[in-house]
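Notes follow once the structure below has been shown.
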Amino acid sequence: MCPINRSDILSARVVKSTGSWYEIIDSKANTYSARLRGKFRQDTKEVTNPIAVGDEVLFEQNEDGTAQITEILERKNFLPRKATHGRRGYQILIANIDYAIVVVSISQPQYKTGFIDRFLVSCEAYGIEPIIIMNKWDLSLQIPTDEIYFHSNQYEKLGYKVFHTSIQTPEILEPLRLLIKDKLSVFIGPSGVGKTSLLNLIDPSLKEKTSEISDYSNKGKHTTTFAKLVPLPFGGYLADTPGIREFGLYNIQDWELSLYFPEMLEARTRCKFSTCTHIHEPSCGVLELVDSGKIEAFRYLSYMNIIESLVEP
Ligand SMILES: Nc1nc2c(ncn2[C@@H]2O[C@H](COP(=O)(O)OP(=O)(O)OP(=O)(O)O)[C@@H](O)[C@H]2O)c(=O)[nH]1
Ligand SMILES: [Mg+2]
Ligand SMILES: [Zn+2]
């Protein structure tokens with residue numbers, strides 16, 4: 001047997017996954033096509049993909065220039081989503097995220113706070129810092145904006161960063177650029193809101209394909225088909241993801257959900273029952289704040305919708 005020479009073991013970041021092949025980039029910016037070493041064992045059956053985009057891995061080079069992934073380094077966090085094709089368990093959408101950026105548009109299509117709130121809860125639950133981008137701000141001249149400003153202010157009050165952007169005024173992207181420099185960030189949001197357009201503005205060398213919005217439905221067509229990490233020219237990685245409709249919330253009990261609503265954290269300590277779900281229980285600290293208007297009705301509505309969805313058949 002030949003002993004392993006430590007200098008042969010290299011580390012890299014997984015930037016793309018296409019089934020059994022992975023694209024990995026090492027610290028010297030070399031790109032390799034890599035496969036998982038044959039005897040690689042998966043720890044948990046609940047996860048349908050053993051390696052995810054964003055993973056840091058150790059690899060060995062093959063003579064033909066490809067690579068073999070030998071080990072996955074511990075993940076700092078990851079964003080799961082329900083397994084596709086009727087499979088059980090979940091899929092890791094992306095791992096080791098510094099910022100999960102939810103991109104929505106103020107119009108065409110108009111954002112839903114329910115979507116934003118579900119995203120925020122997922123981030124809180126999985127230890128990921130969320131950021132909100134409200135895009136297509138140029139359209140604010142054509143629509144009433146009171147409610148949009150109201151929501152935007154509420155999210156800021158809760159401690160979330162909110163950016164108002166438009167691809168027509170690229171200079172307003174500068175603070176966002178500074179924030180994501182040297183970080184691993186991911187764009188998540190419904191189809192047609194401008195994720196790929198923003199990505200192309202942040203790194204013009206990309207020229208990723210954007211979609212046309214279908215006029216009649218304002219729903220937007222689906223263009224981006226898989227998550228992929230793009231190295232940024234100023235340092236860091238940014239991932240564009242396909243239009244995502246739902247986030248996974250796994251192993252979360254109903255009474256835990258309020259832990260992921262910052263405005264409920266203090267109030268929930270005043271509930272009579274430690275497993276209070278803040279829906280029908282007597283002497284509930286959260287319901288008191290809902291009644292007095294200190295917890296916004298739209299947030300509580302999201303809370304109730306999410307709690308209902310946690311109850312799996
Ligand atoms: N008015 C306006 N239109 C925008 C803006 N940003 C993007 N769009 C348009 O919105 C449409 C959809 O943009 P994309 O970047 O493809 O949207 P996406 O979020 O990547 O969509 P998927 O890849 O399907 O998830 C395109 O026609 C863009 O030109 C903006 O700030 N203002
Ligand atoms: Mg796209
Ligand atoms: Zn309660």
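The values are calculated or read from the model by the stated rules, or taken from the named source; none is laboratory data. Being a predicted model, the structure only gives us computed values, none of them experimental. Note that each Cβ is placed from the backbone with ideal geometry, even for glycine, and that neighbours are counted across all protein chains shown. All accessible areas refer to the heavy atoms of the entire protein, side chains included, with ligands and DNA or RNA removed. Shrake-Rupley method; radii C 1.70, N 1.55, O 1.52, S 1.80 Å.
See the values below:
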| quantity | calculated |
| --- | --- |
| Per residue accessible area of the stretch 28-145, 1.4 Å probe, in Å² | 50 |
| Segment residue 46-residue 203, length gained on full extension (0.36 nm per residue, minus Cα span) | 52.9 nm |
| Amide proton proximity set for residue 161, modelled H, under 5 Å, gap of 5+ | 132 |
| Long-range amide H partners of residue 278 with built H, under 5 Å | none |
| Accessible-area composition of the stretch 126-199, carbon plus sulfur, in percent [1.4 Å probe] | 55 |
| Nonlocal amide H pairs with residue 48, under 5 Å, H built at 1.01 Å | 90, 91, 92 |
| Additional length obtainable on full extension of the chain from residue 91 to residue 270, 0.36 nm per residue less Cα span | 60.8 nm |
| Cleavage-rule hits, chymotrypsin sites (Phe, Trp or Tyr not before Pro), the stretch 13-82, DSSP coil, Cβ neighbours within 10 Å at most 15 | 40 |
| Cβ crowding within 10 Å averaged over residues, with 164-174, 86-96 ranked highest first | 86-96, 164-174 |
| J(HN,Hα) series, the stretch 157-164, from Karplus relation 6.51 cos²θ - 1.76 cosθ + 1.60, nearest Hz, glycine and proline x | 4, 6, x, 8, 7, 10, 10, 9 |
| Under 20 Å from the residue 77 label point (7 Å along Cα→beta-carbon), backbone N, the stretch 249-284 | 249-253, 256-266 |
| For the stretch 86-93, 3J(HN,Hα) per residue [Karplus equation, 6.51 cos²θ - 1.76 cosθ + 1.60, θ = phi - 60°, Hz, x = Gly/Pro] | x, 7, 7, x, 9, 10, 8, 6 |
| 13 Å Cα-Cα reach of residue 183 towards aspartates and glutamates, excluding residues that sit fewer than 8 places from it in its own chain | 98, 129 |
| Per-residue ³J(HN,Hα) for the stretch 134-151, Karplus 6.51 cos²θ - 1.76 cosθ + 1.60, θ = phi - 60°, Hz, x for Gly and Pro | 9, 9, 6, 4, 4, 6, 5, 6, 9, 9, x, 10, 3, 5, 5, 5, 4, 4 |
| Two-site FRET efficiency, residue 129 against residue 31, from Cβ-Cβ distance with R₀ of 35 Å, rounded to 0.05 | 0.80 |
| Alpha carbon centroid spacing (whole Å) that separates the stretch 130-153 from the stretch 64-86 | 36 |
